[in-house]
Every structure is written in C-alpha cells, then in structure tokens.
C-alpha cells in the first residue's frame, strides 16, 4: 500500500486535472449552444438549396453545364472535415474511419482520389496515407467561416471538377442531428444536383434563363454548393463541441471517482499506520512491565 504522502500527492494531481476538464466542459458547452443555434438557423436554407439544385439538374438545358455534368467517376476529390484539437471523444476517429472506408472503396473500384483536409487532425492523417494526394489544408477556421474562407475551398473544388481533374467531389463531415446524435456523413456536392438524400421534385423539362443559361447557372450553382459546404462546417463544429463537452464531463466524473478511491485508500493507510503505532506502544509497555 502506498504511503499517505504519495496518496496525498496523487489526490492533488487528480483534483488539478479535474479543474481543467471541468473548465473545458463548461467552455465546450457554451460554444456548443452557439454552434447549435447557428446550424439550426442555416439548415432550412441549405435544404432549400439542395432541393433547388435537384430541380435545376432536371432541366434538359443544364445537362452539359460544367457544374452539373455527370461523368463516370475515375478520380474523386474528398473534402474531409475534422477538428484542429483533440480531447473530443470519438469525433475525429469517427471521421477518419469513414474517410478510410471511402479510400478503400475507391481502391477496390479502381478510382483515384485527392483530398482537401479541413482541420489539423484531418491533415495529419491524410499526410500519412500512401498514394493519396493532399490538394489543400485549411486550419484554424472560425466557428462561422466568412466568404473568403469558403470561397477558397469551393474554388479549389470547382476548378478541379470543371477542368476534368476529378469527376466527383464529396464532402465527409459529422452531421449534427441532435445533442445525442452526431453521424459521420458523406455528401456529394459536385456534380451539383441530386444526391442520396435528395428527392427529385417536379420541374419543367425545359426552362428559359435570362440573361443566359450559363450566367444564371454559374451564379446560382456556385452559391448553392457553397451553402452546402457552409452547413457541413457548421454541423461539424457543433458536433465537435458536443462530443468534447461529453468527453470532458466523463473525464471530470472519472476524476471524482478516482479522488474518492484514493481518499479511501489514504484513510486506510492512515488507519493502518495508527494501528501499527498503537501496537508498537503496547508492545513496548508490556516489555517494560515484565
């Protein structure tokens, strides 16, 4: 059994760690509420954007537009969103696991891929993967990225797609469904239009665009795809804060349990020491009386 001095030192160390995890829990909870409000506020617009893109993609006049052109997928661009920091439970590992599954899927299908990594953890993992080109890395993005930051990501993806360097662009992120459910998700953003979660809505097969089809679609499609990336970033950040809050709460609870266990062990050690001293005193007294 460890000495009382050693146990006291361990208790102080655990209590110090508990203060840190408790503070991180409170900070994550505060940021999570703001991020949750932001993702809920923009969700209706993003859903409307996806439905509008689905509707536009059904027009015969857009079949050969660069952003809507559907091709056999021989090369794919993956935009992976993770966090810049750890201590967020399974948040980063879940994203990395889904990313790995997509890479294995491409490998089996004979599809090449490139990656845009958003977040330090995604960049570190992608850099270690053999035969995967990292096209760009974006770190330390704010909770609500501004237009220039979004445009840099989208412009890279659009250039790769319209030039024919890649035939599809997918985004891997954590979908914030509720405070108890955050699901790693793959969503196709280019070619623009239908994906696995969007239903085709009724439209006219032919439509007239003013001033021209190209000008209208260039502007509309760009903004609507940008909205999908923006929503993915908001969902990912809300999910990160939620999972970090839970992880830090669990760490704080574990620290409390550990302090209780160490305190009990210290009391037993102290009681044992007192009992030993009393036994030695009693033995000494008996020796003197003989």
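Based on this model, can you work out whether residue 76 counts as touching a strand residue (DSSP E or B) at 6+ places or on another chain (Cβ under 9 Å) and modelled with pLDDT under 90?
Details: touching a strand residue (DSSP E or B) at 6+ places or on another chain (Cβ under 9 Å): yes; modelled with pLDDT under 90: no.
It is false that residue 76 is touching a strand residue (DSSP E or B) at 6+ places or on another chain (Cβ under 9 Å) and modelled with pLDDT under 90.
Out of all the residues in region 133-151, which are touching a strand residue (DSSP E or B) at 6+ places or on another chain (Cβ under 6 Å) and either surrounded by 14 or more Cβ atoms within 10 Å (Cβ to Cβ) or under 23 Å from residue 227 (Cα atoms) (or both)? Talk me through it step by step, then tell me what you get.
In the first step, residues of region 133-151 are kept if they are touching a strand residue (DSSP E or B) at 6+ places or on another chain (Cβ under 6 Å); the result is 133-138.
Within region 133-151, 134, 135, 136, 137, 138 qualify.
From the list 115, 100, exactly one residue is surrounded by 22 or more Cβ atoms within 10 Å (Cβ to Cβ), more than 14 Å from the chain's Cα centre (by Cα) and without any contact (Cβ under 8 Å) to a residue 40 or more places away in the chain. Which is it?
115
Which condition number does residue 34 fail, the rest of (1) assigned to a loop (DSSP other than H, G, I, E, B); (2) loosely packed, with under 15 Cβ neighbours inside 10 Å; (3) at pLDDT 85 or above; (4) touching a helix residue (DSSP H, G or I) at 6+ places or on another chain (Cβ under 9 Å) being met?
(1)
The values are calculated or read from the model by the stated rules, or taken from the named source; none is laboratory data. Just so it is clear, the model here is predicted, and its values are computed rather than measured. When we count neighbours, we look across all protein chains shown, and the Cβ atoms used for this are built from the backbone with ideal geometry, even at glycine.
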